[in-house]
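First the structure, in the form of structure tokens, and then the observations on it.
The values are calculated or read from the model by the stated rules, or taken from the named source; none is laboratory data. Not measured: the values here are computed from a predicted model. Quick reminder, even Gly has a Cβ in these numbers, built from the backbone with ideal geometry, and neighbours come from all protein chains shown.
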Amino acid sequence: MNPAAKIPAAAINTGTRVLSTASRQPSSFGIALHARLEKAVSWLQARQPRRVTFLQQQQQQQQQQINAALFSTSGSAARSSSKEEDDLYQALTVSFRTRLAEQIHKPEDEYKAVIEHWTAHTQKDALTRQRTRARKDRLTAAAKHKDITWIQKEQDKLELEANGTADDYFYIIQAWIKCGELKRATMAFEKMESIGVPLTVRTLAAMTRAHTRSGNLAIAGAMVQKIRDQNLQPTSIYDLSALLEYYIKMTPPPPSTPAAESHIIEAHRKSDCSRESVENIWKVIEPRLQLGISTTVNSNASFSYRTYLVFLVERAHDFERAAELIDKMTARNISPELEKYQKTANVVIQRLASHGYLTEVQKLLDQNDAKLAKILPQLTWSEIMEAYMSRGEDQKARWIYHDMIRYGVQPNSQCKKLFSDLQLKGGTTDFRDPETLNGGDRERVGKEEANILSILFNRQPKPALSS
């Protein structure tokens, strides 16, 4: 609404008449009134330029009359203003001031409800996030101590709340999974779905990973299908690695036939849809795997590399790509942390060694301060020695024996026999190859050789080995 429209036309006409008679008053009175009116009218014109066209024309005419009266005012012509004219001037001034005040405060009044609405929602969201964060901390502590009773209490409390979020249910499901209670996690997921809580991609990814690892590939496949049906796009490495793990489990190992094995394996690779899905997911994950300051980021990177490496070695039997993957891990200083999974580590090392990828085996053994080398069983060490000896690299086979002693692994009878055969072939002095030197890890050759001979031939008690 135009604020100037509320001013009575009679008031404006009367004001004009007053200003016209101001020609016989002192110039200061007329100039002051003119300044006030001009300021108020110009303000109204700026606020509503399109809706006061008629008023603007009327004001222009009044302005011309005012200017004519002001410029025709003589300094000698003067008379005192009547009480009626003073009252009219005051009324006109108050009217303009009131309209100005209303226009100034009007936006605040209009936006007041909006501001209060968003303030309430912001406070509600902040309280919800704070409550969810507190629930997450409690469930994390309960899962760490395997406190099933506490997790059940948190779930019961959540079900009584009418405003439980998808994040709340995710932390409940994650706590059950960490405690190994997959059945309860599935029940919590079904409850979440039945009451209409929207499914998130990380909740479905967590359920997919849990059922994949437990061997329930049918349920895991149903979770993957829900991701597709709801058009959810996994973006984090955590979610993508869950799908990667599922498709790897769905990829059958290639047939091992003595005749035309490579040809059959290649045909099997091309016809396998799960393998294609694995490759597509890995193309998305691999460029994002970098070490960072976050423990979670580093753990996800190690897990993804380990999962794909095991896939290439055990399922795909693609040792060339496995070697390339190990080179990338070494260049990025990322370890697959095979030392945490001894059974998987033994399989990977043995298969790489049996297919002649001994350089890659040595890279894996040297990572993370040789943690993997220290937990390898004696049988795996003997297989590595046999692989080097079968290739005629007797010197490297001796170095492997040296490393085994240096890492505190007691050689078994097979390793002792292999080393004895190496010694009979010629010489007991090992000269290090510059290509295999790794800082100060291969020093004190003479002392190690003396220790090896003492253990091999039992000439004196086993020397104390430094950790």
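Some notes on this structure:
- Any hit, segment 365-372, residues being among the aliphatic types (A, V, I, L, M) and not in a helix (DSSP H, G or I): yes
- Being crowded, with 16+ Cβ neighbours inside 10 Å, under 20 Å from Arg213 (Cβ atoms), at pLDDT 90 or above and out of contact with any strand residue (DSSP E or B) (no Cβ under 9 Å at 6 or more places or on another chain) is a property that holds for Tyr305.
- Flag for Ala450 being of a type in the set (Gly, Ala, Ser), modelled with pLDDT of 85 or more and not in a loop (DSSP other than H, G, I, E, B): no
- Here Leu352, Leu418, Leu422 are screened, and the one residue that is under 30 Å from Phe303 (Cβ atoms) and part of a helix (DSSP H, G or I) is Leu352.
- In segment 235-255, residue surrounded by the most Cβ atoms within 10 Å (Cβ to Cβ) [restricted to those that are of a type in the set (Gly, Ala, Ser) and either modelled with pLDDT under 90 or under 17 Å from Phe170 (Cα atoms) (or both)]: Ala242
- Yes/no for Leu379 being on the phi < 0 side of the Ramachandran plot, surrounded by fewer than 20 Cβ atoms within 10 Å (Cβ to Cβ) and not assigned by TED's automatic domain parsing to the domain that holds Ile293: yes
- Glu383 being in a helix (DSSP H, G or I), more than 39 Å from the chain's Cα centre (by Cα) and at pLDDT 90 or above: yes
- Subset of segment 317-356 (residues that are in contact with a Lys or Arg (Cβ under 7 Å, 6 or more places away or on another chain) and crowded, with 18+ Cβ neighbours inside 10 Å): Ile326, Pro336, Glu337, Leu338, Glu339
One line per residue, one yes/no per condition, for (1) under 21 Å from Arg129 (Cα atoms); (2) not aliphatic (A, V, I, L, M):
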position: Phe170; (1), (2): yes, yes
position: Ala175; (1), (2): yes, no
position: Thr186; (1), (2): no, yes
position: Pro198; (1), (2): yes, yes
position: Ala205; (1), (2): no, no
position: Thr208; (1), (2): no, yes
position: Thr212; (1), (2): no, yes
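- Whenever a residue of segment 398-427 is more than 10 Å from Trp381 (Cα to Cα), its partners that are in a helix (DSSP H, G or I) and of a type in the set (Phe, Trp, Tyr), lying with C-beta atoms within less than 6 angstrom and at least six residues away or across chains, give the pairs Phe419/Tyr401.
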